[in-house]
Amino acid sequence: MTKRIRCIFLPFLALFLTVAAICLPREVNAAESSFSVASKAALSVDFETGKVFYAQDADKPMGIASVTKIIGLYLIEEQVKEGKLSWEDPVTISEDVASLSVAPDLSNVALNAGEQYSVKELFEASFIASGNAAIVALAEKIAGSEPEFVDMMRKKVESWGIKDATLVNASGLNNSYLGENIYPGTDKDDENLMSAKDVAIVARHLLQDFPEALETAKTPTKIFAEGTTSEVEMVNWNWMLPGFLNYKEGVDGLKTGTTDLAGACFVGTMIKDGQRIITVVLNATNHEQDPSARFIETAKLMDYTYANWKKEEVLPAESRLPEMATVKVKDGEELTTKVALKSAVSLWVRNDMDKTQLKVTPHLNKAASSGELQAPVMKGDKLGTAVVTLEQDDLGYLDDTTHESEIIVDQSVAKANFFVLLGRNIKDFFSNLF
């Protein structure tokens, strides 16, 4: 993240530009098709299911700056969980890292060459202060070098289905800041690129697998390397946390990023009424005039999401399938039986959507796919599953998540006795004869 003049009073520079946006209510109705976010890309998703609530150019890779660090932070958490790394392990600072830590105009905590800091201290510096040198020091500790750590980052995001990301360093800086220490085969002006959707996927994995990371993400201020010559107060770049200018109740993360290419970016997360959402704003368009722009746009997007989306039951348990109310039963006392959905189906519904307009797609098992069951059949027998979607919702999910319910037999049918079967066979014989 490119450093602005950093002091405890920095957020107040934007006070008169943002006070109206903070104080006035921002309820936005989904029917207002003109709703948009003042940024190059934006996304809002449900944390639990990955349901997309809003998408604005969300599939196009673009600069993400220090938002990059959430990939590295995930890898660090993973290393600790697997016992390959301890929070108390010492990290010795190399000459290159020490030099990067005092580079003008970059977000950092100063690190002294040859001195040691704990993994935990550098993790917090990377998260809270967006310390570029701190994440590089951790990369060297884990992988031996930053390029090898980048290989780990690439492999990890690919395992999450992200195929179009460009990752060239651990910090998110433009390569021009790294001198000769750039990833082999990359150009001196290369920079990390990901789509808003990709960023949301990474953030969701971090919060799903390591929810404790929020304890660091939501820390407003903390002393780094307390009691040493490197001691300094870190101030969180997330101005939506308590005590900051753009404070919003419920926001407890996640990561900012700023470079000339990426502009002002922010992947945020908020919980309200038990529902957590993840939002992404890339390159807020008014940042040069208003340092709070990324947070103002994030707040608008969060308000829009909570005001316009609600999880609702669209099909109750034991509902009939529109085109499969019954199924044939061979050799049964009855020749058909009713089928139904075993459990209720609930979907996220936007205010302007008709929740009765549903698409129900059955996926039948082998026994039911022929269109005729063999008696006897019992109530509750599974015939397959039905995938249920809203016809008016084309926003989809971050992954291949579907909402489905089992299709079951709703009425038992016993096997017909010998005489009934004989009579049917005779009837069929003469019917076919004539």
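The values are calculated or read from the model by the stated rules, or taken from the named source; none is laboratory data. In this text, all values refer to a predicted model and were calculated from it rather than measured experimentally. Quick reminder, even Gly has a Cβ in these numbers, built from the backbone with ideal geometry, and neighbours come from all protein chains shown. SASA here: full protein model, heavy atoms, side chains in, ligands and nucleic acids out. Shrake-Rupley method; radii C 1.70, N 1.55, O 1.52, S 1.80 Å.
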### Task
Output the qualifying pairs, or none if there are none: Cβ atoms under 6 angstrom, residues six or more apart or on different chains, first residue in the stretch 109-126 and farther than 16 Å from Ile142 by Cβ, second residue in a strand (DSSP E or B).
Val109/Phe224; Val109/Val232
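Does Leu395 fit the bill of being in contact (Cβ under 8 Å) with a residue 24 or more places away in the chain, in a strand (DSSP E or B) and of a type outside the set (Asp, Glu)?
Considered against the rule, which asks whether it is in contact (Cβ under 8 Å) with a residue 24 or more places away in the chain, in a strand (DSSP E or B) and of a type outside the set (Asp, Glu), Leu395 comes out as no.
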### Task
Could you tell me whether any residue of the stretch 312-330 is touching an Asp or Glu at 6+ places or on another chain (Cβ under 6 Å), over 22 Å from Ala203 (Cβ atoms), of a type in the set (D, E, K, R) and open to solvent by 50 Å² or more (accessible area, probe 1.4 Å)?
yes
### Task
Please determine, by comparing only the residues of the stretch 224-241 that are assigned to a loop (DSSP other than H, G, I, E, B) and over 23 Å from the mean Cα position of the chain (by Cα), which one is surrounded by the most Cβ atoms within 10 Å (Cβ to Cβ).
Ala225
### Task
Return yes when Lys141 is outside any helix (DSSP H, G or I), open to solvent by 60 Å² or more (accessible area, probe 1.4 Å) and of a type in the set (Lys, Arg) and no when it is not.
no
### Query
Just wondering, is there one or more residues in the stretch 335-351 that are touching a strand residue (DSSP E or B) at 6+ places or on another chain (Cβ under 9 Å), in a strand (DSSP E or B), farther than 29 Å from Ala200 by Cα and charged (D, E, K, R)?
yes
### Task
Confirm whether Glu88 is of a type outside the set (Ser, Thr, Tyr), open to solvent by 20 Å² or more (accessible area, probe 1.4 Å), closer than 23 Å to Lys222 by Cβ and without any contact (Cβ under 8 Å) to a residue 40 or more places away in the chain.
yes
### Query
With respect to Asn308, is the statement that it is touching a residue at least 40 places away in the same chain (Cβ under 8 Å), in contact with a Cys (Cβ under 8 Å, 6 or more places away or on another chain) and open to solvent by less than 60 Å² (accessible area, probe 1.4 Å) true?
no
### Selection from the stretch 175-202 of residues that are in a loop (DSSP other than H, G, I, E, B) and within 18 Å of the chain's Cα centre (by Cα)
Ser195
